[in-house]
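Every number in this text was worked out from the coordinates using simple rules, so none of it is lab data. Predicted model, so just to flag it, every value in this text is computed and none were measured. Heads up, the Cβs are rebuilt from the backbone with ideal geometry, glycines too, and the neighbour counts pull from every protein chain shown.
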Amino acid sequence: MQRYDLLIRQGTLVTPAGVGQGDVGIRAGRIVAIGELDPAAAGETVEALGLHVLPGVIDTQVHFREPGAEHKEDLEHGLKGAALGGVTAVFEMPNTLPLTTDAERLADKIERAGANAACDFAFYVGATPDNVGDLAALERRPGCCGVKIFMGSSTGDLLIEDDETLRAVLENGSRRVAVHAEDENRLRERFAIAEESADVAAHAEWRDAETAIRATGRLLELVRQTGRRVHVLHITTGAEMELLAAAKDLASVEVTPQHLTLAAPECYERLGTRAQMNPPIRETAQQAALWRALAAGIVDIIGSDHAPHTLEEKAKPYPQSPSGMPGVQTLLPLLLDHVNGGRLSLQRLVDLVSAGPARLFGIIGRGRLAVGYEGSLTLVDMRAKRRIEESWIASRCGWTPFAGMTVLGWPHATVIRGQVVMRDDELVGAPIGQPLRFFEGDSA
Ligand code: DOR
């Protein structure tokens with residue numbers, strides 16, 4: 001009798017109970033058994049001896065550019081890159097063209113993605129001064145992971161710059177709001193630094209630590225007053241980490257692999273405008289503060305901020321060159337390398353890229369390798385030594401700032417609801433990605 005559609009055998013399972021060898025049985029998309037299971041009872045079997053089996057990785061910050069800038073990226077390629085990188089689901093950002101700011105545009109994105117999705121997805125709705133009153137209803141629509149605020153301008157036109165409008169956004173709705181915290185006033189005041197220097201190394205000086213600290217400080221003041229929960233994206237300074245450590249009741253914290261891996265000035269000398277992003281990559285002292293915050297438990301999530309631009313666009317003279325770099329496909333390889341380097345444990349990694357996203361955003365059935373949860377899993381080979389090649393990158397932008405880097409640890413397979421969708425760097429079978437489901441408007 002076939003009890004499992006898919007049986008993953010003899011893997012090293014990273015479960016809430018600890019790390020140990022066992023089998024995982026999946027039926028009708030859900031984990032139905034964990035332990036020593038009968039191989040004869042399975043339809044398909046994946047031999048996982050020597051591999052670690054993690055609950056599916058979720059990347060909570062990607063820009064897939066569709067509609068409007070499909071020459072940089074589109075949903076199909078972005079989702080393929082995700083699956084190739086061991087990612088089982090993404091949260092996609094609203095700074096597309098048109099902006100994702102109403103129900104119709106949200107529905108359009110869901111429909112486009114669903115047509116050819118290598119992995120699961122959800123979309124943010126962007127807050128603007130004009131849609132404040134609609135946000136409470138919009139954030140509850142199916143396929144929506146919440147509201148996104150840009151406090152400082154970046155790629156695209158989304159911006160909530162003053163405290164009054166920011167407060168209005170926070171007062172409209174109840175789900176955790178994702179925030180890009182850079183102070184628009186200070187950015188405007190200091191733009192001459194970027195313009196006059198015409199050197200990308202000035203990026204981190206123009207958008208300096210104070211620009212980020214001020215915005216995060218202002219945000220947390222309003223969070224205290226309104227009681228609204230926020231998720232503060234891509235934190236880059238130790239001072240912000242101190243502010244955020246004192247606000248764990250209301251604010252969760254995200255960092256990116258690139259802020260943990262690259263540092264100024266070396267990255268600007270080596271990569272030029274490819275290293276340009278907002279908020280910027282800063283010096284090693286700030287990077288060390290991010291690692292300390294990660295070790296201290298202040299950081300809740302690591303997201304890639306996959307923000308592709310073409311190399312032609314990146315070749316424009318700074319500061320006309322756009323900010324952002326691709327990352328959804330390299331998120332996990334970089335982090336596995338950091339695990340092997342002793343910077344974090346595999347269990348903490350699972351907390352940051354699977355359990356954390358599920359807990360904070362209220363994703364149904366995700367974030368745990370446990371009976372009853374979805375059979376969406378990421379299998380990794382911690383001993384695989386690989387060079388990151390641009391030929392492996394699925395993104396339409398076709399490049400990665402990590403090209404040529406050798407990492408120890410590599411995604412071996414991506415499984416979504418019991419179906420293997422990636423194995424040995426190849427996508428397998430028909431695309432089955434669906435919108436993620438959320439507990440009704442709620443999360444931790
Ligand atoms: O560097 C960035 N690029 N930061 C952002 O906030 C937006 C992103 C993009 O969409 O290009």
Item to check | the chain - share of DSSP beta bridges that are antiparallel (%, nearest 5) | outcome: 50 percent
Item to check | Angstrom value of the Kirkwood radius, inverse mean 1/r, which spans all Cα pairs in segment 1-138 | outcome: 17.3 Å
Next on the checklist: Please state the shape class of segment 389-429: rounded when a/c is under 1.5, otherwise prolate if a/b exceeds b/c and oblate if not, all from the C-alpha gyration tensor.
Outcome noted: oblate
Checklist entry - In terms of the Cα gyration tensor, with a ≥ b ≥ c the square roots of its eigenvalues, is segment 102-224 rounded because a/c is under 1.5, prolate because a/b exceeds b/c, or oblate? => result oblate
Item to check | Set of lysines near Lys248 by C-alpha distance (under 30 Å), chain-local residues within fewer than 8 positions excluded | outcome: Lys148
Item to check | Relative contact order, percent, the chain [alpha-carbon distance under 8 Å, six or more residues apart] | outcome: 22 percent
Checklist entry - Past the 26 Å Cα-Cα mark, which pairs from Lys109/Lys316; Lys72/Lys109; Lys316/Lys385; Lys314/Lys385; Lys109/Lys385? => result Lys109/Lys316; Lys316/Lys385; Lys314/Lys385; Lys109/Lys385
Checklist outcome for this item: One quarter of the C-alpha convex hull surface, i.e. the mean projected area of the chain in nm², amounts to 18.8 nm²
Item to check | Gyration tensor (alpha-carbon) shape descriptor, segment 288-443, a/c threshold 1.5 | outcome: rounded
Item to check | Mean separation of Cα contacts under 8 Å (6+ apart) over length of segment 308-444, as relative contact order % | outcome: 26 percent
Checklist entry - Packing-wise, with mean Cβ within 10 Å as the measure, how do 388-395, 331-338, 52-59 rank, highest first? => result 52-59, 331-338, 388-395
Checklist entry - What is the extension gain from Arg292 to Thr45, computed as 0.36 nm multiplied by their sequence separation minus the C-alpha to C-alpha distance, in nm to one decimal? => result 84.8 nm
